[in-house]
């Protein structure tokens, strides 16, 4: 386990600046395992030490994992000068700790979006070599049929590029379908259906790898991933 400076650990939560952290420590408002630290530069093991600020446990996380039910109308980006992004739905401290969306959903696409500052995990989930499943629910302008299912399974050509084979499951209502992708090309599902003479009227991502959209979250709401969800995602990173 690695030791880190106390001021760095406190600042990494995004709740305080480095200057504010030094003031907290100087004022005696920070305790490490119940004792006053020698100073801001004191080395601590952040994941095992009991660090409190004004009596409140710091609840340190080396990495943060947020499950967001993305509404339509927001960009899957960390910032934009003209339009709102998914980071605007979160408190400011999340922006300060470097959270970013893992992959992107189109502006008008809703549903599951993972935000984290764990770059290694994000790379694993997005790497073309991993072929991590992404499952989408779509409503179409016209009924899907068996020929569409076969076309998706064989890999649809989009201009000068060919998509990997994809899963297409038709719901009880044939305009209600579920698509499983193993890649993420620009506007891929919409373009695939356009090539079949159909328009996607509504699109929502409901799964990414082992992670499922939480139906208890209304659009625009978010929550931390559970320890089990994090462990399941990390099995992808370890492969």
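A few points about this structure:
- Kirkwood Rh, Cα atoms: Rg over Rh of the range 183-239: 1.09
- With all projection directions averaged, the alpha carbon convex hull of the range 101-179 covers 6.5 nm².
- Restricting the calculation to Cα atoms, every distinct pair contributes to the Kirkwood radius of the range 4-57, found to be 10.7 Å.
- Computed from the alpha carbon positions, the gyration tensor of the range 42-106 leads to an equivalent ellipsoid with semi-axes of 31, 12, 11 Å, biggest first.
- When the P(r) is computed for the chain, the part past 32 Å accounts for 34% of the Cα-Cα pairs.
- Averaged over residues, the count of other Cβ atoms within 10 Å places the peptides 59-68, 225-234 in the sequence 59-68, 225-234, highest first.
- When the Gaussian network model of the chain links Cα atoms closer than 10 Å, the mean-square fluctuations of 125, 217, 203 top out at 217.
- Each peptide in 206-216, 18-28 gets a packing score, the mean of other Cβ atoms within 10 Å over its residues, and the list from highest to lowest is 206-216, 18-28.
- FRET efficiency estimate (nearest 0.05) - Cβ-Cβ, residue 19 to residue 217, R0 35 angstrom: 0.45
- Ascending count of other beta-carbon atoms within 10 Å, so fewest first, for 194, 189: 194, 189
- Kirkwood Rh and Cα Rg combined as Rg over Rh, evaluated for the range 12-146: 1.13
- Note on the range 134-208: Cα Rg divided by 2.2 N^0.38 Å, N the number of residues, gives 0.97.
- Label point distance in nm, residue 131-residue 2, each placed 7 Å from Cα along Cα→Cβ: 3.4
We did not get these values from a lab; they are worked out from the coordinates using the rules stated. This is a predicted model, so every value here is computed, not measured. We place every Cβ from the backbone using ideal geometry, glycine too, and count neighbours over all the protein chains shown.
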